[in-house]
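Report on the structure given below.
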Ligand code: BTN
């Protein structure tokens, strides 16, 4: 790495051989990198465009939640995707992102973290990374583009995380014994790994990595079904990255999205 390079220059250099990557825009602060991704996609930015921010003032997570994005403590990035018409499976695309983030973290820290269905990365029952995929549809109902947002806690804020998440959030620096993680390298590694998996879709052999890294399989999980709490055993991840659960009455269900809790962590 050349001293004094900006994030844009570093990411560009690191991804010089990655044909999927089409450019990067880096900001000091944004409300949300996903919103900036939408604005760029609306004016025709190509698939493979990356947006980075040092902090987000309105970072969001799944299910309408906020994603805490304090200055310089995380990798907050979005990627513009324009999936081929005949292959659009949002579940599989986000599963590619979970595996790519898992691989990038392993590459940079040597640590194998856990994938918690749907697409969160955890370490010792604490969240390290979240993924938010948002689609934009044409009036015809066809997908126009997708914005894939990835947030990884890289360092822990001085004084710790805010109260609401202090017992459930963890950073790479904490799990890697304080070693310094280069966010630009992490971003580039993620984009490179993701491009390999995404461009091979509909091949789904990467789901073997997902299954092996899952902290959910073989566990009793709790989830909501039509407003009612259900308890079931997580038995598999199917070929569409849905969670297969077996209920106590032996019924098998394939969950598409939503949220599950591991019973052992809430008892
Ligand atoms: C979740 O945990 O539910 C998903 C979190 C996704 C956070 C990332 S940070 C970059 C991008 N911009 C956002 O506003 N959200 C995503």
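Is it fair to say residue 58 is within 14 Å of residue 151 (Cβ to Cβ), in a helix (DSSP H, G or I) and either modelled with pLDDT of 95 or more or within 12 Å of the ligand (Cβ to nearest atom) (or both)?
Values: within 14 Å of residue 151 (Cβ to Cβ): yes; in a helix (DSSP H, G or I): no; either modelled with pLDDT of 95 or more or within 12 Å of the ligand (Cβ to nearest atom) (or both): yes.
No, not satisfied.
Out of 79, 108, 40, 63, I need the residue that is in contact (Cβ under 8 Å) with a residue 12 or more places away in the chain, on the phi > 0 side of the Ramachandran plot and not in a loop (DSSP other than H, G, I, E, B). Which one?
Details: 79 fails: on the phi > 0 side of the Ramachandran plot; 108 fails: on the phi > 0 side of the Ramachandran plot; 40 fails: on the phi > 0 side of the Ramachandran plot.
After applying the criteria, what remains is 63.
Looking at segment 162-180, which of the residues that are more than 16 Å from the ligand (Cβ to nearest atom) and assigned to a helix (DSSP H, G or I) is nearest to residue 40 (Cα to Cα)?
So, considering only residues that are more than 16 Å from the ligand (Cβ to nearest atom) and assigned to a helix (DSSP H, G or I), the one nearest to residue 40 (Cα to Cα) is 173.
Considering only residues that are within 14 Å of the ligand (Cβ to nearest atom) and assigned to a helix (DSSP H, G or I), which ones fall in segment 14-37?
Within segment 14-37, 33, 34, 35, 36, 37 qualify.
For residues that are in contact with a helix residue (DSSP H, G or I) (Cβ under 8 Å, 6 or more places away or on another chain) and not in a loop (DSSP other than H, G, I, E, B), scanning just segment 1-13, find the one that is modelled with the lowest pLDDT.
The extreme case among them is 7.
Pick from 131, 93: which is touching a helix residue (DSSP H, G or I) at 6+ places or on another chain (Cβ under 6 Å) and more than 21 Å from residue 14 (Cα to Cα)?
Details: 93 fails: touching a helix residue (DSSP H, G or I) at 6+ places or on another chain (Cβ under 6 Å).
From the options 131, 93, the qualifying one is 131.
For segment 27-45, name all the residues that are touching a strand residue (DSSP E or B) at 6+ places or on another chain (Cβ under 7 Å) and within 30 Å of residue 138 (Cβ to Cβ). So that I can check it myself, show each step before the final result.
Going through segment 27-45, the residues touching a strand residue (DSSP E or B) at 6+ places or on another chain (Cβ under 7 Å) turn out to be 27-34, 36-38, 40-41, 45.
Within segment 27-45, 27, 30, 31, 32, 33, 34, 36, 37, 38, 40, 41, 45 qualify.
Can we say residue 218 is in contact (Cβ under 8 Å) with a residue 12 or more places away in the chain, surrounded by fewer than 15 Cβ atoms within 10 Å (Cβ to Cβ) and part of a loop (DSSP other than H, G, I, E, B)? I'd like the intermediate steps shown before the answer.
Values: in contact (Cβ under 8 Å) with a residue 12 or more places away in the chain: yes; surrounded by fewer than 15 Cβ atoms within 10 Å (Cβ to Cβ): yes; part of a loop (DSSP other than H, G, I, E, B): yes.
Spelling it out, residue 218 is indeed in contact (Cβ under 8 Å) with a residue 12 or more places away in the chain, surrounded by fewer than 15 Cβ atoms within 10 Å (Cβ to Cβ) and part of a loop (DSSP other than H, G, I, E, B).
Out of everything in segment 222-254 that is under 17 Å from residue 210 (Cβ atoms) and free of Cβ contacts under 8 Å to residues at least 60 places away in the same chain, what residue ends up being surrounded by the most Cβ atoms within 10 Å (Cβ to Cβ)? I'd like the intermediate steps shown before the answer.
Keep residues of segment 222-254 that are under 17 Å from residue 210 (Cβ atoms), which gives 234-245, 254.
Now drop any that are not free of Cβ contacts under 8 Å to residues at least 60 places away in the same chain, which leaves 235-236, 238-239, 244-245, 254.
Details: 235: 15, 236: 17, 238: 14, 239: 11, 244: 16, 245: 24, 254: 12.
For segment 222-254, the residue satisfying everything is 245.
For segment 118-128, which positions are assigned to a strand (DSSP E or B) and more than 9 Å from the ligand (Cβ to nearest atom)?
Let us first name the residues in segment 118-128 that are assigned to a strand (DSSP E or B), namely 120-123, 126-128.
If the condition is that a residue be assigned to a strand (DSSP E or B) and more than 9 Å from the ligand (Cβ to nearest atom), then 121, 122, 123, 126, 128 are the ones that fit.
Any residue in segment 181-195 that is modelled with pLDDT under 95, under 21 Å from residue 105 (Cβ atoms) and either assigned to a strand (DSSP E or B) or touching a helix residue (DSSP H, G or I) at 6+ places or on another chain (Cβ under 7 Å) (or both)?
Initial filter on segment 181-195 (modelled with pLDDT under 95): 181.
In the following step, the residues that additionally are under 21 Å from residue 105 (Cβ atoms) were identified as 181.
Applying the additional criterion that residues be either assigned to a strand (DSSP E or B) or touching a helix residue (DSSP H, G or I) at 6+ places or on another chain (Cβ under 7 Å) (or both) yields 181.
Yes, segment 181-195 contains at least one residue that is modelled with pLDDT under 95, under 21 Å from residue 105 (Cβ atoms) and either assigned to a strand (DSSP E or B) or touching a helix residue (DSSP H, G or I) at 6+ places or on another chain (Cβ under 7 Å) (or both).
Tell me the residue from 111, 115, 51, 131 that is buried (at least 19 other Cβ atoms within 10 Å of the Cβ) and more than 9 Å from the ligand (Cβ to nearest atom), please. Steps first, please.
Values: 111 fails: buried (at least 19 other Cβ atoms within 10 Å of the Cβ); 51 fails: more than 9 Å from the ligand (Cβ to nearest atom); 131 fails: more than 9 Å from the ligand (Cβ to nearest atom).
Just a single option satisfies the conditions, and that option is 115.
Among what's in segment 134-161 and is surrounded by 18 or more Cβ atoms within 10 Å (Cβ to Cβ) and in a loop (DSSP other than H, G, I, E, B), pick the residue that is farthest from the ligand (Cβ to nearest atom).
Selected residue: 156.
The values are calculated or read from the model by the stated rules, or taken from the named source; none is laboratory data. Please read these numbers as outputs of a predicted model, since none were measured by experiment. So basically every Cβ, Gly included, is an ideal-geometry build from the backbone, and we count neighbours across all protein chains shown.
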